[in-house]
Amino acid sequence: MTPLLQVNGIEKRYGARIGCTDVSFDLYPGEVMGIVGESGSGKSTLLNCLAGHLEPDAGQVVFDTRTGGPVDTVTMSEPERRMLGRTDWAFVHQHARDGLRMSVSAGGNIGERLMAVGDRHYGQIRDRAIDWLGRVEIDGARVDDRPTAFSGGMQQRLQIARNLVTGPRLVFMDEPTGGLDVSVQARLLDLLRGLVREMGLSAIIVTHDLAVVRLLADRLMVMKDGHVVESGLTDQVLDDPQHAYTQLLVSSVLQV
Amino acid sequence: MIELKDVSKSFTLHNQGSAVIPVMQGASLTVAPGECVALTGASGAGKSTLMRVIYGNYLAASGQVLVGGLDVVQAEPREILALRRETLGYVSQFLRVVPRVPTLDVVAEPLLAIGCDRQVALDKAAALLARLNIPERLWSLSPTTFSGGEQQRVNIARGFAHDYPAMLLDEPTASLDVQNRETVLSLIEEAKVRGAAIVGIFHDVGARDQVCDREINVSDFTPGVAA
């Protein structure tokens, strides 16, 4: 099986400071990988480098495209990368406002991505938007409301609907449940798990919440000061951490 | 089906003076299809540790852990995940689920994960829950609010939903009443008949004698105790 994403030696520096360095891994179709670490450990920098939002200083991000096979997305042209960002890739931001158009209706938010890949039939676009609102548990009657009229949890679910409507194969998520209260968080986790299984998505999830990765991620990468200090099967890394920092991280979780 | 060759395990506590605690050494065992092997030994002897090493939850320091031909110690995460999905089941003492998911879906999940038809999976889950005396009115609720014994039975139903060729059972009959204990023991018997290789921890001596073919005392693998 060809990995969906092959990452080789990614490095990003901010002047003399290291953002992240020497990151390599393979992600296979259907796999969900979590990246954990404290704030400033370079996990968001890494995610942005992988998703093409930041240009890495070194390394390759090779994606197995539908038509052309494995291609290095770091060196591909800007239009090609943008096309990828609208079709096979999706990015769920921590703050839904960063991923939504706040002045456009919920239906418009979902429809925009469909139109970007060539859908033109208004009725069909609207039907699919309503279908997706239902899947993320938002009442279809709210299709014409703007996201500003939605609660934080609903905005986040709308952002997920907008991202998944074009059937991407790889989803990047930056703290998808951060800032949501726990009951909403549980709903969202359940929803994401179902979508990952039904659609066979691969996902890379950055979070600092170890409970979230335990439930969502198959494998885990632990970062500290821009370096990957440990990686492996999620439950193995959490239950039998090998590195000093991971042990500290795991033992620091408050028990409820 | 399950074969351990000279497996050792130690824990290094980096944040507590880098203490190295060796917990297992020279562990070797073989379990054939259709066989149930009980792990015995005092509390703290390493029964659960050994089980977790087989499941890939703990990383063995050396040796080989072969399950259905795959060496769990060396395998890639995705290989272990595939193994757990298709070949190796584990009934732990604790139920760990996504909050809010109905019990019926929790039990059906292992079947859905291997691509089983949704209705077939739900029917099988319902049959198992009924057999384990979980009242039908609870099936649509999340098991997180259930009593300890009910959670234990949901966990067992989930563990037996898919016919795994290899199974690990961590005290499956603990905290169960007589009737449910019998049901669990007959589930284990049935699994043996269809050819599952089983490793179990049973504190319940009666249960152990009834379903297990052999006993392995894990104290033999404790460093410093065994010769």
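Quick note: the coordinates plus some simple rules give every number you see, no bench work behind them. What you see is a predicted model, and the numbers here were worked out from it, not measured in a lab. Glycine also receives a Cβ, built like all others from the backbone with ideal geometry; neighbour counts cover every protein chain displayed.
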Taking Cα atoms only, Rg over Rh for region A:214-256 with Rh from the Kirkwood formula is 0.95
What three numbers, in Å, describe the spread of the alpha carbons of region A:120-159 along their principal axes, ordered from the longest?
30, 18, 16
To the nearest whole number, what is the average tally of beta carbon atoms from other chains within 10 Å of the beta carbons of peptide A:232-242?
6
About the Cα centre, charge dipole magnitude for the protein assembly as shown (Lys/Arg +1, Asp/Glu -1 at Cβ), debye
1000
Dipole check, chain A, charges on Cβ (K,R +1; D,E -1), about Cα centroid: among A:VAL228, A:ILE204, A:GLY85 the Cα furthest to the positive pole belongs to A:GLY85
Quick one: give the max-minus-min coordinate of the C-alpha atoms of region A:123-226 along each principal axis, largest first, in Å.
48, 27, 23
Note: the protein assembly as shown at 4 °C, 1.567 mPa s; Kirkwood Rh on alpha carbon pairs; Stokes-Einstein D in µm²/s works out to 53
Which of B:THR173, B:VAL37, B:ILE188 sits closest to the plus end of the dipole of chain B, meaning its Cα is farthest towards the positive end, when Lys and Arg get +1 and Asp and Glu get -1 on the C-beta?
B:THR173
Return one quarter of the surface area of the convex hull spanned by the alpha-carbon atoms of region A:9-141, equal to its mean projected area, in nm².
10.3
Shape parameters for chain A, alpha-carbon atoms, Rg then Dmax in Å:
18.2, 56
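Rounded to a whole number, what is D in µm²/s for region B:88-134 from Stokes-Einstein with the Kirkwood radius over alpha-carbon pairs (20 °C, 1.002 mPa s)?
188
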For chain B, with equal point scatterers placed on the C-alpha atoms only and solvent neglected, what are the log10 I(q)/I(0) values from the Debye formula at q = 0.10, 0.11, 0.16 1/Å, to two decimals?
-0.46, -0.56, -1.13
I want to verify a result. In a Gaussian network model of chain B, Cα cutoff 10 Å, which of these has the top mean-square fluctuation: B:GLN210, B:GLN25, B:GLN152?
B:GLN210
In whole angstrom, and with the biggest value first, how far do the Cα coordinates of region B:5-95 range along each principal axis?
43, 31, 31
For B:SER62, list long-range residues whose amide hydrogen, built 1.01 Å from N in the peptide plane, is under 5 Å from its own amide hydrogen.
B:SER8
Which order do the peptides B:133-144, A:207-218 come out in when sorted by mean C-beta neighbours inside 10 angstrom, highest first?
A:207-218, B:133-144
For B:98-109, what's the mean count of beta carbons from other chains sitting within 10 Å of each residue's beta carbon?
3
Highest-MSF residue in chain A out of A:VAL171, A:VAL206, A:VAL71 [GNM, Cα springs under 10 Å]
A:VAL71
From the helices alone, meaning DSSP H stretches of at least four residues, give me the mean residue ellipticity at 222 nm for chain A, per-run term -39500 (n - 2.57), in deg cm²/dmol to the nearest 500.
-11000 deg cm²/dmol
Under the rule a/c < 1.5 gives rounded, and otherwise a/b versus b/c splits prolate from oblate, where does region B:98-172 land using the Cα gyration tensor?
oblate
Of B:TYR58, B:TYR164, B:TYR90, the most mobile residue in a GNM of chain B (C-alpha springs, cutoff 10 Å) is B:TYR58
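Not counting the cut sites, what is the longest span of chain A without GluC sites (Glu not before Pro) that DSSP labels loop and that have at most 15 other Cβ atoms within 10 Å?
Longest gap between qualifying sites, sites excluded: A:138-256.
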Using every pair of alpha-carbon atoms in region B:120-226, split the distances into 5 Å bins beginning at 0 and state the percent of pairs per bin, rounded to integers.
2, 11, 21, 22, 18, 11, 7, 4, 2, 1, 0
